[in-house]
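Read the figures in this text as sums done on the coordinates, not as results from a lab. Everything numeric here is computed off the predicted structure, so don't read it as measured data. Note that we place each Cβ from the backbone using ideal geometry, even for glycine, and neighbour counts take in every protein chain shown.
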Amino acid sequence: MPKTHNAGPLKAVAAHVALLAYCAIALWPVLLIILNSFKDRLSIFSQPYAFPTGETFTLDGYKTLYSSARFDLYFLNSLLVTASSLVLILAFSSMAAFALAEYKFRLNALTGLYLAIGIMVPIRLGTVGILRIMVDLHLVNTLWSLILVYTTQGIPLAVFILTAFMRQLPKDLTDAARVDGASEYHIYLLILPLVRPAIGSVLAISMIPIWNDLWFPLILSPGESTKTLVLGAQAFLGEFVNDYNAVLAALTLAILPPVFLYLIFARQLVRGITAGAVK
Amino acid sequence: MSLRRPRFRTHIPVFLAPAVLIYTAFMIYPLLNSLWLSLTNNAAGQIPSFVGLQNYFTLFAREQWSAPFWNSLRNNAVFFLIHMVVQNPVGLFLAALLNTRIRGTWLYRTAIFVPTILSVVIVGFIWKLILNPAWGISRSLLQFVGLVALDKPWLGLESTALVTLSLISVWQNIGIPMLLFLAALIRIPDELVEAARVDGAGGWKIFWRIQLPLILPTVGIVSVLTFVGNFNAFELIYATQGALAGPNFASDILGTFFFRTFFGYQLQPADPFMGATIAGVMLVIILTGVLIYFYGWQRRMQRVRY
């Protein structure tokens, strides 16, 4: 039998125990919130760990939510902002990445470096300036302000990852297309499907920070009609602190969308995070 | 084909323009604008004029500004150190466990990463509820493990608020170092570890002498990402403690101090000039960290590798 470094049975058990213990630490607060959001007030306090039963089950919290805040609107806003930003990030970044990967020109390296500044410098530090621009453009309290900021925020890392990926494609592909008389724009469209895995990774790592952001909605679009889900939840939670049913329901509603997205995109996310960090 | 190509290749600027323009307009220009603003003031109630580094001196040395500034900087440093001491080693430990090739690693990895994808605001509120003595979850849990004496309103005490918030942040963000370390550990060729094992090295020794040196570049990346993330943090404190970062500013960090200064709060009117100054200091701190990483750490790493 060849020697592998598979752990021995005892060590494997120890590893399982340690990992299970950590999973419990990671998940129980989340599960506790979701579980209790379906229970009446009394059993939230008396038996926080019990599953809801026929007697204790209630949707009171969700009803309060429904009647006192426009969570459907907030959700739609978040969806619109996130989806639009992602489309723009992908379109603009893939074009720029294509130019950087495909052509030799004098400013190539410098342009790449210029765009890379934004990978490390958080866009938040320019908030004072961003707010001034948005005021001048009359974009405060519109979803456009958020879309523009998030597109900007996503471009640096997206260009970086896509360029690295496109550089690995064989040159013969684009040369053959050129021989066939394809225009450069056409070649770009031919390349796009070939970098699908990288596009998936970019999508996955750009999506979550946009969906979850509080800072820019708080500053650029705090108006009632432009609140995102996170900002709406934050305001609601502040107002209803003592209504445990409502708070737990709001938290549960805010937890579910990212978890859902995560379960769909887990693989791309893992690849994206490692691709972004491993130069 | 090169004959067909026009001398000035218009498609290159066309491809680059959208990304470069939007990035310049909403990232680089605002940053420069903010830096410029930090060099001006309208102290006498007149139109803003250039004052050099005076705002920075005010921030560092005038009692009214310097006390909260140094307080938030110190708190931010503690916040960062707790991440470095707890989050990254524990993340590495989890990655090492996942690298032992037991079954179900995918499931463990997915579960441990769940908090990382939640909004910081939501995480803040989850823990605020759990630590709230009114609900009593933390008390019953401590009772269960026999440490009920430790039960305190951790977020409400000056002595414990900052550490508690740091640990909540660690709880949330540990998935990232875990993933990065795991990716690095997986890349280590099996033969290296095998050879050491044949030579009689134990697991501990293999880790310290072979695996850790080989993943040092990742240690650097994780550290600089932690640094940037921590010195730019805001949401967790704002969601759990409010803009005043209580109790009595015990959990105030640069992000919350910046927010309060720029937008004003209760007694203090909004001050865009000092706000921009604080953002300027944050920029310098973050750039210093990034430059130390690139020139100090990564270069040395490359020399080792080749």
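Numerical summary
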item	result
Translational diffusion coefficient (Stokes-Einstein; Kirkwood radius from C-alpha pairs) of the stretch A:183-279 at 20 °C, 1.002 mPa s, in µm²/s	134
Per-pair calculated FRET efficiency, R0 = 60 Å: residue A:108 and residue B:142 via Cβ, rounded to 0.05	0.50
Efficiency of FRET between residue A:45 and residue B:187 - r from beta-carbon atoms, R0 56 angstrom, step 0.05	0.65
Relative intensity, log₁₀ I(q)/I(0), of the stretch B:25-170 from a Debye sum that treats every alpha carbon as a point, q = 0.09, 0.12 Å⁻¹	-0.54, -0.82
Projected-area average for chain A over all orientations - Cα convex hull basis, square nanometres	22.8
Residue-span extension gain [residue A:27 to residue A:189] - 0.36 nm each, minus C-alpha spacing	54.1 nm
Least to most buried among A:180, B:252 (fewest other Cβ within 10 Å first)	A:180, B:252
Euclidean distance between Cα centres, the stretch B:261-295 to the stretch B:128-152, Å	37
For residue A:237, net neighbour charge (Lys/Arg +1, Asp/Glu -1) across residues whose Cβ lies under 12 Å away	-1
Trypsin sites (Lys or Arg not before Pro) restricted to DSSP loop in the stretch A:1-74 with at most 12 other C-beta within 10 Å	A:3
Over chain B, relative contact order from alpha-carbon pairs under 8 Å, at least 6 apart, %	24
Gaussian network model of chain B, Cα within-10 Å springs - most flexible of B:193, B:120, B:20	B:20
Amide H contacts of residue B:40 (H built 1.01 Å from N, under 5 Å, at least 5 apart or other chain)	B:51
Shape box of the stretch B:151-284 [Cα atoms, principal axes, largest first, Å]	69, 39, 17
Chain A: most fluctuating residue of A:250, A:26, A:18 per GNM, C-alpha cutoff 10 Å	A:18
Computed [θ] at 222 nm, helices only, for chain B once each DSSP H run of length n ≥ 4 contributes -39500 (n - 2.57)	-19000 deg cm²/dmol
For the stretch A:194-237, the fraction of alpha-carbon pairs in successive 10 Å shells from zero, as %	27, 38, 21, 13, 1
Volume per residue of the C-alpha convex hull in the stretch A:218-262, rounded to whole Å³	77
Spin-label zone in the stretch A:227-248 - amide nitrogen under 13 Å from a point set 7 Å from the Cα of residue A:67 along the C-beta vector	A:246
Cα point-scatterer Debye curve for the stretch A:1-84, base-10 log of I(q)/I(0) at q = 0.17, 0.19, 0.20 Å⁻¹	-0.87, -0.94, -0.98
Fully extended contour minus Cα-Cα distance, from residue B:14 to residue B:103, at 0.36 nm per residue	27.0 nm
Sequence-distant residues sharing a close amide H with residue A:39 (under 5 Å, placed H)	A:58
Debye equation applied to the C-alpha atoms of the protein assembly as shown, log10 I(q)/I(0) at 0.11, 0.12 Å⁻¹	-1.15, -1.34
Stretch gain in nm, segment residue A:176-residue A:196, where the contour uses 0.36 nm per residue and the Cα spacing is subtracted	5.1 nm
³J(HN,Hα) computed for each position of the stretch A:219-235 - Karplus, 6.51 cos²θ - 1.76 cosθ + 1.60, integer Hz, glycine/proline x	9, 9, 9, x, x, 4, 7, 10, 4, 8, 4, 5, 5, x, 5, 4, 5
Calculated diffusion of the stretch A:125-262, Stokes-Einstein form, Kirkwood radius summed over Cα pairs, 37 °C and 0.692 mPa s, µm²/s	181
Between the stretch B:167-244 and the stretch A:70-123, the Cα center-to-center distance that results, in Å	27
For A:37, B:140, order by how many other beta-carbon atoms lie within 10 Å, fewest first	B:140, A:37
Neighbour net charge for residue B:275 - beta-carbon separation under 13 angstrom, K R +1, D E -1	+2
Dipole of the protein assembly as shown, positive end: most advanced residue of B:69, B:225, B:10 [Cβ charges, Cα centre]	B:10
Cβ-based net charge around residue A:102, under 10 Å, with every Lys or Arg adding one and every Asp or Glu removing one	+2
Cα Rg, Dmax (largest Cα-Cα span) when computed across the stretch B:86-237, Å	18.6, 58
Protection proxy ranking, peptides A:197-203, A:113-119, average beta carbon neighbours within 10 Å, highest first	A:197-203, A:113-119
Efficiency of FRET from Cβ geometry, residue B:60 and residue B:134, R₀ 45 Å, rounded to 0.05	0.65
Alpha-carbon spread of the stretch B:49-305, three principal axes, descending order, Å	69, 51, 27
Dipole in debye (nearest 20) - the protein assembly as shown, about Cα centre, beta carbon charges: Lys, Arg +1; Asp, Glu -1	1840
Kyte-Doolittle mean at least 0.0 and Cα axial length at least 27 Å: DSSP H helices in chain B	B:63-82, B:272-291
Residue-averaged [θ]222 nm for chain A, counting only DSSP H segments that reach four residues, each worth -39500 (n - 2.57)	-24500 deg cm²/dmol
Per-residue Cβ neighbour rank within 10 angstrom, fewest leading, B:166, B:49	B:49, B:166
Taking N as its residue count, the alpha carbon Rg of the stretch A:16-167 over 2.2 N^0.38 Å	1.57
